[in-house]
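Colleague: What follows is a structure written as structure tokens; I'll ask about it next.
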Amino acid sequence: MKNYTNLILAGLVIVLAAALVGVLVFVKNQPPQERATQPLIEIAQMEPDSSQWGVNFPNQYDSFLKTKTNNVDTTYAGSSQFSWLERDPRQVILFAGYPFSKDYNDDRGHANALEDVRATKRLNLDDTNPKRTPGTCYSCKSSDNPGLWTELGMEAYDKMSFNEMTPNINNAIGCSNCHDSETMRLVVTNPALKEALERQGKDWETFTRQEMRTVVCANCHVEYYFKGDGKYLTFPWDKGTKVEEMIEYYEEYGFKDWEYPDAGTPMLKAQHPEYEFFTADSTHFKAGVSCSDCHMPYVRDGAAKYSSHDVHSPLLNPEAACGQCHTDTEYVVRRVNTIQEQVATTKIATEDALVDAINAIKAAVAAGNADPALLDEARKLHREAQFMWDYISAENSTGFHNPEYALKVLADATNLARQAQMLAAQSVNDFDLLEINTYYQTPAP
Ligand code: HEC
Ligand code: HEC
Ligand code: HEC
Ligand code: HEC
């Protein structure tokens with residue numbers, strides 16, 4: 001009898017222990033829980049006021065609010081609005097004739113987006129001027145947009161001028177730019193993204209959760225242009241998202257952002273192609289890492305575990321941002337420093353080549369006797385080289401999101417810029433124009 005009792009007891013202990021382990025594993029693998037399991041208030045579809053959502057999700061809201069006051073800088077980025085034109089005066093030359101030569105500041109946190117777009121000196125608020133700033137510029141700055149796009153349609157939205165749109169826009173970026181209020185799932189809210197994906201044969205509704213943790217950023221962190229007189233917001237992705245594929249697209253469509261003064265080159269301005277650059281087969285992208293893994297890591301507040309909505313440079317919190325996957329965070333941060341230093345230095349060499357090309361083309365035009373075919377070829381190379389440089393320069397990670405690709409694109413751009421300079425010299429048979437200069441002795445960051 002006694003032996004049986006022992007056996008039964010031992011069996012019970014094993015079963016209970018196994019059940020306990022099972023429960024613990026189950027609990028540990030649950031998705032992060034909210035403080036409130038029941039929503040406290042009902043949030044309307046596309047509610048633009050983030051403080052409403054904040055009633056139900058105080059952790060995400062409080063961390064999101066921090067993006068308003070962040071001001072810490074890193075070597076090449078961070079959250080202050082330092083001026084790129086002051087740091088690197090070559091850019092004043094590269095953007096001559098275009099508003100970016102007047103005002104070009106580094107980006108800062110999401111909650112400032114509205115204030116910053118209204119303050120930039122790049123705006124042209126004269127509605128009688130054909131170069132007036134379109135309302136389309138608000139597309140990535142406000143949580144009012146999803147509602148407005150649904151109500152007006154994007155075509156009518158984009159036709160309005162910046163001035164006309166202003167009274168409709170009251171909130172900076174917020175919850176409705178990324179979430180469906182009923183289910184809280186991540187969503188594509190920007191019609192231009194939905195349409196660009198559709199033209200590539202993709203339907204975002206079928207994407208996995210991990211894919212959405214990157215695609216949701218592509219609502220805004222992408223290259224785009226304003227198509228036609230209606231200024232219709234369009235992503236130039238029909239031939240692919242690599243830099244040469246976008247150039248091919250623009251070439252076929254015959255698009256230019258502006259004409260370079262005294263050189264006559266039809267120029268393209270790259271915006272902020274974080275999504276395209278990161279997804280161009282970077283090591284992290286191929287390993288399945290998402291933008292949110294590094295920029296919105298999970299953090300804890302007592303028992304609550306949630307995604308930090310305080311989006312900023314991961315170099316300010318590498319333990320949370322990189323430590324989930326890398327044990328030696330000091331080492332990976334040093335790698336970032338090395339990569340960025342190499343990319344920044346290479347980028348300056350490209351800029352010097354571009355300024356030489358611009359000066360040679362201008363001189364060839366001024367000479368008045370240039371071979372038109374050679375001069376046009378020089379302009380074409382100038383256009384391509386500058387867009388390639390800008391694809392890396394306007395991308396906000398100083399190469400880190402895809403280091404090998406950054407160096408390749410910059411090498412190609414330098415080569416094309418030097419070829420443009422040679423062709424311009426050849427077009428007027430003036431070989432003084434082949435001189436190679438370094439424009440500013442102090443190395444710009
Ligand atoms: C593997 C981690 C990682 C991933 C994945 C990642 N980033 Fe970054 N990101 C960084 C680092 C590191 C920097 C450089 C920050 C610096 O220089 O201070 C950066 C910089 C940035 C910046 C500029 C930050 C600033 O302070 O101005 C933006 C914007 C950005 N990333 C957006 C994105 C987007 C959008 C994606 C996805 C398409 C993405 N990142 C994917 C690590 C990552
Ligand atoms: C820039 C896009 C973006 C904005 C704006 C945004 N979120 Fe999120 N949110 C995310 C991402 C990415 C996740 C992670 C989702 C996942 O892993 O599936 C997330 C997750 C969440 C979750 C799920 C739990 C968690 O923490 O992972 C809640 C709740 C949430 N956000 C609430 C909010 C609220 C409230 C706001 C407005 C104050 C907001 N979000 C604004 C991108 C955003
Ligand atoms: C609705 C448009 C929008 C979406 C969606 C969006 N961003 Fe941004 N993001 C911006 C704008 C605009 C700025 C610059 C704001 C400014 O300078 O005032 C910015 C700035 C940033 C910065 C720089 C912050 C700093 O302190 O310098 C980072 C990093 C960033 N975004 C990452 C992301 C990531 C990662 C995602 C996806 C999870 C994302 N963003 C989704 C529009 C967006
Ligand atoms: C979600 C997981 C994840 C996160 C978060 C993450 N990494 Fe990585 N990282 C990887 C993987 C996977 C690789 C590829 C490893 C390999 O192939 O050996 C990698 C590779 C790297 C490499 C080497 C790349 C190369 O091509 O040599 C560096 C440097 C790096 N990560 C830096 C960072 C930094 C800095 C952060 C934080 C800002 C970060 N990583 C965040 C998963 C991650």
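The values are calculated or read from the model by the stated rules, or taken from the named source; none is laboratory data. What you are looking at is a predicted structure, and each value in this text was computed from that prediction instead of being measured. Backbone-built Cβ (ideal geometry, glycine too); neighbour counts: all protein chains shown. Side chains included, ligands, DNA and RNA excluded: accessible areas come from the protein's heavy atoms. Shrake-Rupley method; radii C 1.70, N 1.55, O 1.52, S 1.80 Å.
Colleague: With helices defined as uninterrupted DSSP H runs, which ones in the chain have an alpha carbon span along their own long axis of at least 18 Å and mean Kyte-Doolittle hydropathy of at least 1.6?
Modeller: On the way: long enough: 2-28 (39 Å, 1.83); 329-367 (57 Å, 0.26); 372-393 (31 Å, -0.55); 403-427 (36 Å, 0.00).
Result, helices passing both filters: 2-28.
Colleague: Search the structure for amide H atoms under 5 Å from the amide H of Y232, placed 1.01 Å from N in the peptide plane, and list their residues when 5 or more places away or on another chain.
Modeller: Here the answer is K227, since their amide H atoms fall under 5 Å of that of Y232.
Colleague: What ranking, highest mean first, results for peptides 337-343, 214-220, 123-129 when packing means the other Cβ atoms within 10 Å averaged over each residue?
Modeller: 214-220, 337-343, 123-129
Colleague: Rolling a 1.4 angstrom probe over the protein heavy atoms, how many square angstrom per residue are accessible across region 100-144?
Modeller: 47
Colleague: Right, something else. Under 5 Å between amide H atoms, partner at least 5 residues away or on a different chain: which partners does Y298 have, H built in plane at 1.01 Å?
Modeller: Residues meeting the amide H criterion: S308.
Colleague: Okay, moving on. Arrange the peptides 277-289, 400-412 so that the one whose residues have, on average, the most other Cβ atoms within 10 Å appears first. Spell out each step's value before the answer.
Modeller: Working: 277-289: 16.6, 400-412: 20.7.
Final packing ranking: 400-412, 277-289.
Colleague: Also, I was wondering about something else. Would you be so kind as to identify which of V92, G135, Y61 lies farthest towards the positive end of the dipole of the chain, taking Lys and Arg as +1 and Asp and Glu as -1 on Cβ and the Cα centre as origin?
Modeller: Of the candidates, Y61 comes out farthest on the positive side.
Colleague: For the pair L16 and K380, how long in nm is the line joining their label points, each one 7 Å along Cα→Cβ?
Modeller: Label at L16, label at K380, 8.2 nm between them.
Colleague: Using a probe of 1.4 angstrom, how much of the accessible area of region 50-434 is carbon and sulfur, in percent? Let's see the in-between values first.
Modeller: Details: 8720 of 16770 Å².
Accessible surface attributable to carbon and sulfur in region 50-434 totals 52 percent.
Colleague: Let me ask another. Enumerate the amide H contacts of Y104 below 5 Å, restricted to partners 5 or more residues apart or on another chain; note that Pro and chain-start residues carry no placed amide H.
Modeller: Long-range HN contacts for Y104: W84, L85.
Colleague: Another question about this same structure. Mind putting a number on the dipole of region 210-342 about its Cα centre? Charges go on the C-beta only, +1 for Lys and Arg and -1 for Asp and Glu, and I need it in Debye to the nearest 20.
Modeller: Working: 12 positive and 22 negative charges, 95 e Å.
Using only the charged Cβ atoms, the result is roughly 460 debye.
Colleague: Once you have the Cα-Cα distance between K408 and Y439, take 0.36 nm times their residue separation minus that, and quote the gain in nm to one decimal.
Modeller: Difference between extended and current length: 8.9 nm.
Colleague: Could I ask something else about it? What accessible area per residue comes out for region 330-445, rounded to a whole number of Å², with a 1.4 Å probe?
Modeller: On the way: 5070 Å² over 116 residues.
With all protein chains present, region 330-445 gives 44 Å² per residue.
Colleague: Between region 118-165 and region 312-376, how far is it from one alpha carbon centroid to the other, in angstrom?
Modeller: Using only Cα atoms to place each centre, the spacing works out to 31 Å.
Colleague: Taking the convex hull of the alpha carbon atoms in the chain, what volume per residue do you get, in Å³?
Modeller: Given the Cα convex hull of the chain, per-residue volume reads 171 Å³.
Colleague: Please sort 147-156, 325-334 by packing, taking for each peptide the average over its residues of neighbouring beta carbons within 10 angstrom, highest first.
Modeller: Details: 147-156: 15.9, 325-334: 12.8.
Ranking, from highest mean packing down: 147-156, 325-334.
Colleague: Describe numerically, in nm with one decimal, the distance between label points set 7 Å from Cα along Cα→Cβ at Q324 and at Q81.
Modeller: It works out to 3.1 nm between the two label points.
Colleague: Relative to the compact-globule scaling 2.2 N^0.38 Å, provide the ratio for the alpha-carbon radius of gyration of region 134-201. Could the numbers behind the result be given before it?
Modeller: Details: Rg = 12.2 Å, N = 68, 2.2 N^0.38 = 10.9 Å.
Compared with the compact-globule rule of thumb, region 134-201 sits at 1.12.
Colleague: Considering every Cα-Cα pair within region 293-368, what fraction, in whole percent, is farther apart than 14 Å? Please report the intermediate quantities before stating the final value.
Modeller: Working: 2067 of 2850 pairs.
More than 14 Å apart: 73 percent of the Cα pairs in region 293-368.
Colleague: Under a 1.4 Å probe, what is the accessible area of region 251-297 per residue, stated in Å²?
Modeller: With the other protein chains kept in place, region 251-297 gives 41 Å² per residue.
Colleague: May I pose another question? If R0 is 22 Å, what FRET efficiency do you get for T69 and A119 from their C-beta distance, rounded to 0.05? Could you put the intermediate results ahead of the total?
Modeller: On the way: r = 17 Å, r/R0 = 0.76.
Between T69 and A119 the formula returns 0.85.
Colleague: At R0 = 45 Å, how high is the FRET efficiency between Y298 and N369 if r is their beta carbon distance? Nearest 0.05 is fine. Don't skip to the answer; put the middle values down first.
Modeller: On the way: r = 66 Å, r/R0 = 1.47.
After rounding to 0.05, the efficiency reads 0.10.
Colleague: Between L152 and E341, how high is the FRET efficiency from 1/(1 + (r/R0)^6) when r is the Cβ-Cβ distance and R₀ = 41 Å? Nearest 0.05.
Modeller: It comes out at approximately 0.30.
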